[in-house]
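Written below as structure tokens is the structure these notes are about.
Since every read-out is calculated from the coordinates, none of them should be taken as a lab result. Owing to the predicted nature of the structure, the values given are computational and were not obtained by experimental measurement. Glycine gets a Cβ as well: all are built from the backbone with ideal geometry, and neighbour counts include every protein chain shown.
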Amino acid sequence: MQQSVSTEPMVLTHGGAGGSRDQDDGCQLAARSAFDRLQGGGSALEAAVAAVVALENDGRYNAGSGSVLCLDGHTIEMDASVMDSTGALGAVACIQRVKNPVLVAQAVTRTPHWLLAGEGAERFARVVGFDSWHEISERQRAKHEKLMQTLASTEQATPGVANRAFAEHWNYDSTRAFQPCDTVGAVVRDAHGRFAVACSTGGSAPSLLGRVGDTPVIGSGFYAGEDGAVAVTGIGEHIVKRLLAYTVYGWIAGGMGAQEAAEKGVALFPQEIDVGVIALGRQDAGIASNREMPHAQVAA
């Protein structure tokens, strides 16, 4: 993919490593929503959040309305994060029963904390005015049924992990029984050279209850600073070990082009591990993935 060079406002979005390029249209609509927010006087952070809300609401991506079911076939645990180059930072982990986790993460930026998790995150969502919401799409029910069949077979459901590990460590309230691990994200550069990132995920399947991936972990799934913004997608257990978002950001801050940095970040992982990166620098943009990854880019 060719590196773009621009000093104008820009928005990049992605719909998750391992997704289909047939879903680029949703990423394009999300990017356009963010860019419209910028043109209307909104901040880089407000634009990034607007993009991720659109992706959460789409239903085709593993975030918000499209979040995967946990192994019990009922629970949905979601993570989200936001950050900008002016100091805003907020995240939620393992939050349940909210429609737009990224909006709750944005609300966390106004608290004394940067990360809220589990029941506390959900209670916080109610305090700040977000209604209880729990809907399971037929698409996700079908994916869950397929996952159960895989776990009961000899086919490995997660690279490098034995299927029996999920049965042996079962920690759901329901009887032990026998889905893709992706994310949505947006990075924004505004007309003043300020950067922001927002990410959201419906979690990973199969996973134990309470599993947290890279999405709400600063420097792993997301990072924004005065030199750029980075959003990451893929298998969080591998991404966090390399602090991938901050690693890519560091290369950009050191003068590397955003496209080269994104590609270098993806190249850190073996081919069997899904990973994707979108990044913005002061004058350029980068998009890279070792899997098909829906994405979009909008600039002035």
Inset, instruction - Would you order ARG126, ARG194 from fewest to most other beta-carbon atoms within 10 Å of each residue's own beta-carbon? - result: ARG126, ARG194
Inset, instruction - Only residues of region 226-269 count here: report those whose backbone N is under 16 Å from the spot 7 Å along Cα→Cβ of ARG282, or say none. - result: 226-229, 249-259
Legend entry - Cβ charges +1 (Lys, Arg) and -1 (Asp, Glu), total dipole of region 158-300, debye: 160 debye
Inset, instruction - Check cross-link reach from LYS241 to the lysines: straight Cα distance under 26 Å, and skip same-chain residues fewer than eight apart. - result: LYS264
Inset, instruction - Take the Cβ-Cβ distance between ARG126 and LEU208 as r, set R0 to 25 Å, and report the resulting FRET efficiency rounded to the nearest 0.05. - result: 0.45
